[in-house]
Amino acid sequence: QVQLVESGGGLVQPGGSLRLSCAASGIMFRIYAMGWYRQAPGKQRELVAVITSGESTKYADSVKGRFTISRDNAKNTVYLQMNSLKPEDTAVYYCNRDPVWEDYWGQGTQVTVSS
């Protein structure tokens with residue numbers, strides 16, 4: 001049974017930072033590219049960042065230079081370090097494989113950027 005559990009969200013002021021974590025179980029984590037996705041109210045879910053099994057990374061243009069994705073295969077965990085946060089980063093953040101497993105979305109973690 002695949003399980004993806006996101007954590008680390010919260011309320012932060014513009015310019016602040018947060019570090020999200022996603023613990024995966026039920027999969028051979030190290031062989032998969034993993035991604036962080038987000039969905040803002042009234043918008044479609046979008047891909048934010050991806051890290052391959054070889055630790056190559058790519059980012060959405062909107063977060064380049066501000067967000068960093070990383071992984072710890074020993075802990076079956078993928079991280080998203082978010083710096084210089086903006087109000088438009090407000091969303092529920094999810095992790096999943098890239099490409100996604102549609103049946104295995106976690107509950108997500110809410111990130112709210114507001115003064």
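The values are calculated or read from the model by the stated rules, or taken from the named source; none is laboratory data. All values derive from a computational prediction rather than experimental measurement. Glycine also receives a Cβ, built like all others from the backbone with ideal geometry; neighbour counts cover every protein chain displayed. With ligands, DNA and RNA removed, areas are computed over all heavy atoms of the protein, side chains included. Shrake-Rupley method; radii C 1.70, N 1.55, O 1.52, S 1.80 Å.
Points to keep in mind about this one:
- Restricting attention to the range 26-44, the residues that are over 19 Å from P87 (Cβ atoms) and basic (K, R) add up to 1.
- Residue count for the range 1-20, restricted to those that are open to solvent by less than 30 Å² (accessible area, probe 1.4 Å) and under 11 Å from C95 (Cβ atoms): 3.
- Subset of the range 55-89 [under 30 Å from Q1 (Cα atoms) and among the polar types (S, T, N, Q)]: S56, T57, T68, S70, N73, N76, T77, Q81
- Restricting T109, T90 to those that are surrounded by 15 or more Cβ atoms within 10 Å (Cβ to Cβ) and touching a Pro at 6+ places or on another chain (Cβ under 9 Å) reduces the list to T90.
- Note on the range 35-52: among residues that are out of contact with any Lys or Arg (no Cβ under 6 Å at 6 or more places or on another chain) and open to solvent by less than 60 Å² (accessible area, probe 1.4 Å), the one that is nearest to D98 (Cα to Cα) is G35.
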